[in-house]
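*Asks:* Questions regarding the structure given below will be posed in turn.
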Amino acid sequence: MTMETITKRQVQHIQIERKNAGIDEDTWSEMKKSVGVSSTRELSRSQFLELLGRIGRLKKNASRRSGAKPFKPVHSSAYASGMHVAPPEDRAAMLSKIEAILTDLRLPWQYADGMAKKMFGVERLRWLDGDQTYRLLQALCVYQRRRKDKSMEEENRL
């Protein structure tokens, strides 16, 4: 059983939406890789809808940028990871908690991006869905607790 790919009209539609959102080739390539394809023509219907949703969210965030306050960057790395823009409402609390943990551990946003890539094959933390963001947050909490326990053991030895 093979997955059915999208139509030529849908390929044209997503390309128009991508250009209207101002997504450059490198970012578009990463977005396609994050859903498991290298070409727009290889997209299944579900992958098409997922990318279309991401483009819509990017356009929505871009329209907010002009008047909205940026998401509180902890590190200068926040711009490289796209975390300087207000997060989607459904993940704002989790991203705030991730920010606090990264600050506590003195780690850049790229650390969380690397975790997202390793755990889910998605280039940026910003592109994770709600469930994936929650699981990454859990992993960071475990790492933080282990690191604290290790430092407490070292203090007790002295």
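No lab work stands behind these numbers, since they all come straight from the coordinates. A quick note: this is a predicted structure, and the numbers were derived from the prediction, not measured. For neighbour counting, all protein chains shown are included, and Cβ atoms are generated from backbone atoms with ideal geometry for every residue, glycine included.
*Asks:* Can you give the net charge of the other residues whose Cβ lies under 12 Å from the Cβ of residue 32, counting K and R as +1 and D and E as -1?
*Replies:* -2
*Asks:* Is the shape of segment 111-158 best called rounded, prolate or oblate, per the rule: a/c under 1.5 gives rounded, else a/b larger than b/c gives prolate, else oblate, with a ≥ b ≥ c the square roots of the Cα gyration tensor eigenvalues?
*Replies:* prolate
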